[in-house]
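Trainee: Supplied in structure tokens, the structure appears directly below.
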Amino acid sequence: MRVRSLGSGSKGNSIAVRGGGELLLVDCGLSCLETKRRLAACGASIAEVTGVLFTHDHSDHYSGLATFHKKHPAVPLYANGNTADAIACATGVDDGWCIFETSEPFSIGALSIETFATPHDAADPVGYLISEGASRLFVGTDMGIMTVAAKEALSRATCAILEANHDPMLLQTSNRPLSLKQRIAGRCGHLSNDQAAAALLEAHPAHLSTLLLAHLSQECNAAYLALEAVRPALAEIGLPNISLAALAQDTPSATYEF
Ligand SMILES: [Zn+2]
Ligand SMILES: [Zn+2]
């Protein structure tokens, strides 16, 4: 399998996943034009997309959907019922949905898709474990805490896209309103760098070959801080030399094979 982030952060999220003959997007939070451009930059065409999976109904995860769906109406849209309803309501996209039950595995072609509920202030948010044989991609962003189910999925991943949203000190000293700070740091907010490190220690993903830190706050984090936070955890679980990167908002990542 291969994965590339097209953009990651509160201004838009989309991940391109290739495997089993499919080209899936996880979330569609960049404009359709930007999605097309960033796919083209890595030699893929937006016309090859065979499905879009949604994590939750925040606009940074679906804002490109209305135009994408108008141009590519046959591409199935995967979400649980509450997320599909909320996104349909916000975007007017009320057809093309393939509804799954959270925690009940399903397939897209040769790919098997597992989902787990995530604690976040959205209708019915989920994370994913997308597998083709022994290759398993974990996608866990936009979650206030790591649940048992999220850790179990992470433990089996060979590639993980894991949220490292903020540095707790930078968040507390930022000029954001107290209510927003509390929301971000709360149980239904976003994982901090330290929480991402703790998640690695607790999940102990023995077969992990690639770790991509995601949804970094542009105000309250920096790539080097997120990377520094997780390195000791990776060393402690015996993975000091895996492929490690922090995903950017404005540029696509490299392509990672796993
Ligand atoms: Zn988000
Ligand atoms: Zn969100």
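Every number in this text was worked out from the coordinates using simple rules, so none of it is lab data. Keep in mind the model is a prediction, meaning the values are calculated, not measured. In this analysis, Cβ positions are derived from the backbone assuming ideal geometry, glycine residues included, and neighbour counts consider all displayed protein chains.
Trainee: Per the helix-only calculation at 222 nm, which mean residue ellipticity applies to the chain, given -39500 (n - 2.57) for every DSSP H run of n ≥ 4 and division by its residues, nearest 500 deg cm²/dmol?
Mentor: Numbers: 8 runs with 75 residues, N = 258.
Computed ellipticity for the chain at 222 nm equals -8500 deg cm²/dmol.
Trainee: So, in nm, how far is label residue 90 from label residue 194 when the simple model puts each one 7 Å beyond its Cα toward the Cβ?
Mentor: If labels sit at residue 90 and residue 194, their model points lie 3.0 nm apart.
Trainee: Once you put a point 7 Å from the Cα of residue 180 and another 7 Å from the Cα of residue 72, both along the Cβ direction, what distance in nm separates them?
Mentor: Here the answer is 3.2 nm between the modelled labels.
Trainee: How do 224, 256 rank when sorted from fewest to most other Cβ atoms within 10 Å of their own Cβ? Spell out each step's value before the answer.
Mentor: Values: 224 9, 256 19.
Fewest-to-most ranking of 224, 256: 224, 256.
Trainee: Follow-up. Taking neighbour Cβ counts within 10 Å as the exposure measure, how do 37, 18, 2 sort from fewest upward?
Mentor: On the way: 37 14, 18 20, 2 17.
Ascending number of Cβ neighbours within 10 Å: 37, 2, 18.
Trainee: For the chain, what proportion of DSSP beta bridges, expressed in % and rounded to the nearest 5, is antiparallel? Walk me through the numbers before you get to the answer.
Mentor: On the way: 26 of 49 bridges.
Antiparallel bridges make up about 55 percent of those DSSP assigns within the chain.
Trainee: A follow-up question, please. Can you give the relative contact order of the chain as a percent, counting alpha carbon pairs under 8 Å and 6+ residues apart? Walk me through the numbers before you get to the answer.
Mentor: Numbers: 617 pairs, mean separation 48.9, N = 258.
Here the relative contact order equals 19 percent.
Trainee: OK, next. How high is the relative contact order of the range 38-112, in percent, with contacts defined as C-alpha pairs under 8 Å that are six or more residues apart?
Mentor: Details: 73 pairs, mean separation 20.0, N = 75.
Relative contact order for the range 38-112 comes out at 27 percent.
Trainee: Which ³J(HN,Hα) values, rounded to whole Hz and listed in residue order, are derived for the range 168-176 from phi using the Karplus coefficients 6.51, -1.76 and 1.60 in 6.51 cos²θ - 1.76 cosθ + 1.60 with θ = phi - 60°, glycine and proline given as x?
Mentor: My calculation for the range 168-176 gives x, 5, 5, 5, 5, 8, 6, 8, 6 Hz in order.
Trainee: Further question: Highest first, please rank the peptides 200-206, 39-45 by the mean number of other Cβ atoms sitting within 10 Å of their residues.
Mentor: Values: 200-206: 18.4, 39-45: 13.9.
In descending order of packing, they fall as 200-206, 39-45.
Trainee: Taking a cut-off of 12 Å between Cα atoms, list the aspartates and glutamates near residue 36, but don't count ones fewer than 8 places away on the same chain.
Mentor: Filter leaves 48.
Trainee: Can you say what percent of the DSSP beta bridges in the range 51-170, counting only those with both residues inside, are antiparallel? Round to 5. Write down the numbers at each step before the final one.
Mentor: On the way: 14 of 24 bridges.
Taking every DSSP beta bridge within the range 51-170, about 60 percent pair in antiparallel fashion.
Trainee: Apply the Karplus parameterisation 6.51 cos²θ - 1.76 cosθ + 1.60, with θ equal to phi minus 60°, to every residue of the range 39-45 and state each ³J(HN,Hα) to the nearest whole Hz, in sequence, with x for glycine and proline.
Mentor: Along the range 39-45, the couplings run 5, 4, 4, 10, x, 10, 10 Hz.
Trainee: Could you run the Karplus curve 6.51 cos²θ - 1.76 cosθ + 1.60 with θ = phi - 60° over the range 220-225 and give me ³J(HN,Hα) per residue in whole Hz, x for Gly and Pro?
Mentor: 10, 7, 8, 4, 5, 5
Trainee: Roughly how many whole Å is it from the C-alpha centroid of the range 192-258 to that of the range 83-144?
Mentor: 22 Å
Trainee: Something else now. Please find the FRET efficiency linking residue 42 to residue 207, where r is the Cβ-Cβ separation and R0 is fixed at 22 Å, and quote it to the nearest 0.05.
Mentor: Working: r = 25 Å, r/R0 = 1.14.
That pair, residue 42 with residue 207, gives E of 0.30.
Trainee: Under the 0.36 nm per residue contour assumption, what length would be gained going from the current alpha-carbon distance of residue 219 and residue 255 to full extension? Please list the in-between numbers first.
Mentor: Details: separation 36, 0.36 × 36 = 12.96 nm, distance 2.62 nm.
The span from residue 219 to residue 255 would gain 10.3 nm if fully extended.
Trainee: If neighbour count is taken as other Cβ atoms inside 10 Å, put 10, 155, 192 in order from fewest to most.
Mentor: 155, 10, 192
Trainee: Test of understanding: what is the full-extension gain from residue 103 to residue 173, defined as 0.36 nm times their sequence separation minus their Cα-Cα distance? Each step should come with its number before you reach the end.
Mentor: Numbers: separation 70, 0.36 × 70 = 25.20 nm, distance 3.78 nm.
Extra length from residue 103 to residue 173 when fully extended: 21.4 nm.
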